[in-house]
Each structure stands twice: as structure tokens, then as C-alpha cells.
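To start, the structure itself, in C-alpha cells.
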Amino acid sequence: MNLESLLRHNRVIRAIGIDDSPFKRGEKKNVAIAGVVCAGTRFEGMVWGKVRQDGWNATDAICKLLLNSKFLPQLDLVLLDGITLGGLNIIDLPKLYERLELPCVALMRRFPDIAGMKEAISRLPNPQRRNRILERAGEIYSYPPFVFQVCGEKPDAIAQALQRLTDCGKVPEALRLAHLIGAAIIKGESGRQA
């Protein structure tokens, strides 16, 4: 069933929320990433991987976690905490959608500072390539309290799904848990914000 059908028939939506763990900028090391699977807002499972800080492997790392995973056939939606992992390791949203064959959503807490992001990108190797990947993510949509980019589904359906996947606040539960678990594993305890 596609996402619109799940919404129309009031079925449970299974999503994975993927977030990077805390890291020290400038070390150019691997950064841990957590993927938490939720059915609605109920925790069902988890995957753990890594990306290179400011590298090029974010899209491939997510695919590696999911393509041979027992969770992939159960999923309806992929939720990302922003369009980057491990600093400016930019996720190619259309490529991720094509490889996973699932709607892929990059959520943001607010409209991003694109000029600031491009300035940061300009200080890294091959900024033109990074900017092309960033631009491929497409339009940024605002459906308060959610701000997101999406490939593979209509923004209206995504906004409805995000409401169902959020227990309280502005962050879907799968992403909230990925953030908390990633912080706890790296720092020994979860942070105050998710």
C-alpha cells in the first residue's frame, strides 16, 4: 500500500528515522548514525551505522543499512534529520528514493540558512558537486510545525503522515528516538533536546 492509501484507510505507518550522533567538528572521522523504526509512534527496532564527517557516503551508508535489512519490506517512509549527516555529508534525496523505492523526507526544525550552508560548503573539497546534490533535494515545504523536502510522495500526504508519526512537539517519534539513542551511546546519556 502506498502512503496515501495508508492515510485514507487509517492504517499504521511504519517509518525509520535516521540521525547522526554527536561528533567533534573538524576531526574528519567517522560519525555514528542511528536509524530507529517505529510503527506510528511505537518503537519496533533499530539499525546502527556510520558516515564519514563532511564526506560523500551519506546516501550509500543509509542504503547499506536498509537494503539488506529485515526492516526494509515493512517500511512506508524514510525520515531524515535534515539533508546532511556528519556535518556536510549531503544526502542525495532523489537517489535515496530511487534506491530504496520509499518516500524519503528530510525534516528541518526551521527554514534552513541556504546562504550560510553554501558558505560552509565553499570551504570543503568540490563545493560545486555538493551544491548540485543539495539542489537536487528540491523545494522546501512548510506545513507548520513541519518544514521538509521530499522525494517520492506529495507534500500534503507527507504532512498528514508526519502528524500521525509525532507523539508530541515537532519531531516524529522515530527521529526523536534516533537522536536520543545516538547521543546516549556516544556521550553516555541522552541530551535535553530531540
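Taking 0.692 mPa s as the viscosity and 37 °C as the temperature, the Stokes-Einstein diffusion coefficient of the range 62-184 based on its alpha-carbon Kirkwood radius rounds to 215 µm²/s.
If you add up the charges near V12, with Lys and Arg at +1 and Asp and Glu at -1, over every other residue whose beta carbon is less than 11 angstrom from its beta carbon, what do you get? Walk me through the numbers before you get to the answer.
Values: positive: R11, R14, R42, R164; negative: E44, D76.
That sum, taken over residues with Cβ under 11 Å, equals +2.
Near N89, the amide H atoms lying under 5 Å from its own belong to D54, G55; only residues 5 or more places off or on other chains count, and H is placed 1.01 Å from N.
Return the carbon/sulfur percentage of the accessible area of the chain, one whole number, probe 1.4 Å, all protein chains in place. Could the numbers behind the result be given before it?
Values: 4650 of 9800 Å².
Carbon-and-sulfur percentage of accessible area, whole number: 47.
With the alpha-carbon atoms as the only input, what is the per residue convex hull volume for the range 1-85 in Å³? So the per-residue hull volume is 96 Å³.
Leaving out ligands and nucleic acids, and using a 1.4 Å probe, what accessible area per residue does the chain come to in Å²?
On the way: 9800 Å² over 194 residues.
With all protein chains present, the chain gives 51 Å² per residue.
Distance from the Cα centroid of the range 1-21 to that of the range 57-86 is 14 Å (rounded to whole angstrom).
Restricting to the chain, compute how many DSSP beta bridges are antiparallel as a %, nearest 5.
Numbers: 27 of 35 bridges.
Antiparallel: roughly 75 percent of the beta bridges in the chain.
Among L107, P127, G17, whose Cα sits farthest toward the positive end of the charge dipole of the range 1-154 (+1 at Cβ of Lys/Arg, -1 at Cβ of Asp/Glu, about the Cα centre)? Checking the options against the dipole of the range 1-154, the answer is P127. In terms of accessible area, using a 1.4 Å probe and ignoring ligands and nucleic acids, H9, H179 rank largest first as H9, H179. Using only side-chain charges placed at the Cβ, +1 for Lys and Arg and -1 for Asp and Glu, the dipole size of the chain relative to its Cα centre rounds to 440 debye.
The values are calculated or read from the model by the stated rules, or taken from the named source; none is laboratory data. Computed from a prediction, not measured in an experiment: that's the story for all the values here. All Cβ positions, even for glycine, are placed from backbone atoms using ideal geometry, and neighbour counts span all protein chains on display. For the accessible areas, the whole protein counts, side chains as well, though only heavy atoms, and no ligand, DNA or RNA atoms are used. Shrake-Rupley method; radii C 1.70, N 1.55, O 1.52, S 1.80 Å.
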